[in-house]
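Have a look at the structure below before the remarks.
The values are calculated or read from the model by the stated rules, or taken from the named source; none is laboratory data. Fair warning: this is a prediction, and the values are worked out from it, not measured in the lab. Cβ atoms come from the backbone with ideal geometry, glycine included; neighbour counts cover every protein chain shown. The area values use the complete protein model at the heavy-atom level, side chains included, leaving out ligands, DNA and RNA. Shrake-Rupley method; radii C 1.70, N 1.55, O 1.52, S 1.80 Å.
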Amino acid sequence: MVREPTILHADLDAFYASVEQLLDPGLRDRPMAVGGNVILAASYEAKPFGVASGMATWRALERCPGLIVVPGRFEEYLRISREVMAILGDHTPAIHQLSIDEAFLDVRGSERLFGTPTQIARHIRHRVATEVGLAVSIGVASTKHLAKIASQVAKPDGLLVVPAGEERAFLDPLPVRLIWGVGPVTEERLTGAGIRTIGDLARAEPERLSSLVGTENSHRLAALSRNDDPRRITTPPRQRSLGAQSAFPRAEPSDRLIAETVGHLADRVSSRLREKGLAGRTVSVRVRFPRMRSVTRSLTMDEPVCTTLSVSEIARSLVRQALTDNPGEHLITLLGVSVSGLDQEAPVQTELPLGIGRDDPQRAGSARGTARREVDRSIDAVRHRFGRGAVGYASAPQAKEWSVPDAFRDLAQRDRRTD
């Protein structure tokens, strides 16, 4: 049965960098990037020099001496993303947002209102360009996997439709790295075995492919190479956790490093919890050592928490526990903080000052717990009016200089390629 191309994958071009160029006309048509010590995104003018996300900034400046590096403005990215997603939502309720800058749409049922899938894609591109001021590339195909590949091929600022019945003709000559799940390591293995295109992958013997990438992965990659992708557009389930992490060069886990990094991450996670009206019972940390070895530690409380100082205190204690349990490790390369067991934040009954028991700040209704909630509310109000950088906690400032803000983790695609 031939499936008609009704699935769209919309992907904003060089999103962070494009937003900065939109907000600052002086950056337009110039090689620029968003980041700190690490490049988070590069403009299309910078990419020909070899500047890419994840690259150390000093190396990017070596490759492109005229590169302009600006810090990210998450609030602006989020605001503009919401504007774009609202435009997408105007065309169909069947939308799955993958990240801040990309989403899948199924436009079956929308054709009587807006025309063919191709016409819908053109209309979306026109509205995003005129109403928001950004370029969005769109792939239109019969499956999610194919639509995503089509949008990549269409970049920058393009529209590509894969007609029904022509899927294999489109896929076969494309490089194998475009397949979902083929990262650099897998690509190297495949190309080293002479499997350079998606067509090569589709024709590969199952036993040979299994020996290269493993049995389970080989079945999945072979199916995708044949455009065998039965997944439909579904609304993601309710969020079960919120987290943030910061990677950095190998560093000694000093008290200052831990306090600043964990404080910064706890501030980000907790403010996002409060913004969503959520609180969680379990705080977890992740500590990564050299050679990509990671350990996690968690603590579940009797009461859910969402205050910054409480999450920070618990997380610091868990990090120290992880380090104590691994005495042979003297350097770390990543710290992460997350809160799970989420539920709607419940009204808090303030405890009467009867002098019974300890004034535990982890109890939301205690005197100290109430004080922490009021401090957070005040900080949230100032940030809402003047921006996130207007006020913060003392433990966080230096960490921002070298860590990747967790806000950007929120923007990273969830269906990312892995090896």
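Out of all the residues in the stretch 1-60, which are of a type in the set (Gly, Ala, Ser) and assigned to a loop (DSSP other than H, G, I, E, B)?
Selection gives 14, 36, 43, 46, 50, 52, 53, 54.
I'd like to check something: does the stretch 245-260 contain any residue that is free of Cβ contacts under 8 Å to residues at least 12 places away in the same chain and under 23 Å from the mean Cα position of the chain (by Cα)?
Among the residues of the stretch 245-260, not one is free of Cβ contacts under 8 Å to residues at least 12 places away in the same chain and under 23 Å from the mean Cα position of the chain (by Cα), which makes the answer no.
Out of 79, 59, report the one residue that is at pLDDT 90 or above, among the basic types (Lys, Arg) and surrounded by fewer than 15 Cβ atoms within 10 Å (Cβ to Cβ).
59
Can you pull out every residue in the stretch 171-188 that is surrounded by 15 or more Cβ atoms within 10 Å (Cβ to Cβ), touching a residue at least 12 places away in the same chain (Cβ under 8 Å) and either in contact with a Ser or Thr (Cβ under 9 Å, 6 or more places away or on another chain) or within 17 Å of residue 215 (Cβ to Cβ) (or both)?
Hits for the stretch 171-188 are 171, 172, 174, 176, 179, 181, 182, 186.
With the checklist (1) in contact with a His (Cβ under 8 Å, 6 or more places away or on another chain); (2) free of Cβ contacts under 8 Å to residues at least 12 places away in the same chain in hand, flag the one item residue 112 doesn't pass.
Exception for residue 112: condition (1).
Considering the stretch 160-204 alone, what residues qualify as being in a loop (DSSP other than H, G, I, E, B) and of a type in the set (A, V, I, L, M)?
Of everything in the stretch 160-204, those that are in a loop (DSSP other than H, G, I, E, B) and of a type in the set (A, V, I, L, M) turn out to be 162, 164, 174, 179, 182, 193, 195, 204.
Do you know which of the residues in the stretch 269-293 that are open to solvent by 30 Å² or more (accessible area, probe 1.4 Å) and touching a Lys or Arg at 6+ places or on another chain (Cβ under 9 Å) is nearest to residue 317 (Cα to Cα)?
This residue is 286.
Can you pull out the residues in the stretch 114-151 that are among the hydroxyl-bearing types (Ser, Thr, Tyr) and either part of a helix (DSSP H, G or I) or under 14 Å from residue 84 (Cβ atoms) (or both)?
Correct list: 118, 130, 137, 151.
How many residues are open to solvent by 80 Å² or more (accessible area, probe 1.4 Å), in a strand (DSSP E or B) and of a type outside the set (Asp, Glu) when one looks only at the stretch 300-323?
Residues that pass the stated criteria total 1.
If residue 343 satisfies all but one of (1) open to solvent by less than 70 Å² (accessible area, probe 1.4 Å); (2) at pLDDT 70 or above, what's the number of the condition it fails?
(1)
Take the conditions at pLDDT below 70, closer than 24 Å to residue 37 by Cα and surrounded by fewer than 16 Cβ atoms within 10 Å (Cβ to Cβ) and apply them to residue 358. Does it pass?
It is false that residue 358 is at pLDDT below 70, closer than 24 Å to residue 37 by Cα and surrounded by fewer than 16 Cβ atoms within 10 Å (Cβ to Cβ).
Kindly list the number of the only condition in (1) out of contact with any helix residue (DSSP H, G or I) (no Cβ under 9 Å at 6 or more places or on another chain); (2) open to solvent by 50 Å² or more (accessible area, probe 1.4 Å) that fails for residue 89.
For residue 89, the exception is condition (2).
Just for the stretch 205-227: of the residues that are out of contact with any helix residue (DSSP H, G or I) (no Cβ under 7 Å at 6 or more places or on another chain) and assigned to a loop (DSSP other than H, G, I, E, B), which one is surrounded by the most Cβ atoms within 10 Å (Cβ to Cβ)?
214
In this structure, is residue 98 out of contact with any Gly (no Cβ under 6 Å at 6 or more places or on another chain) and surrounded by 18 or more Cβ atoms within 10 Å (Cβ to Cβ)?
Judged against the criteria, residue 98 is a match.
Can you tell me which of (1) assigned to a loop (DSSP other than H, G, I, E, B); (2) free of Cβ contacts under 8 Å to residues at least 12 places away in the same chain; (3) not β-branched (Val, Ile, Thr) is the one residue 79 doesn't meet?
The one condition residue 79 does not meet is (1).
Which of (1) surrounded by 14 or more Cβ atoms within 10 Å (Cβ to Cβ); (2) outside any strand (DSSP E or B) does residue 231 not meet, given it meets every other one?
(1)
Hey, could you check the stretch 1-51 for residues that are surrounded by 16 or more Cβ atoms within 10 Å (Cβ to Cβ) and of a type in the set (Asp, Glu) and say which is farthest from residue 61 (Cα to Cα)?
11
State which residue is modelled with the lowest pLDDT when the search covers only the stretch 211-257 and only residues that are under 30 Å from residue 278 (Cα atoms) and β-branched (Val, Ile, Thr).
235
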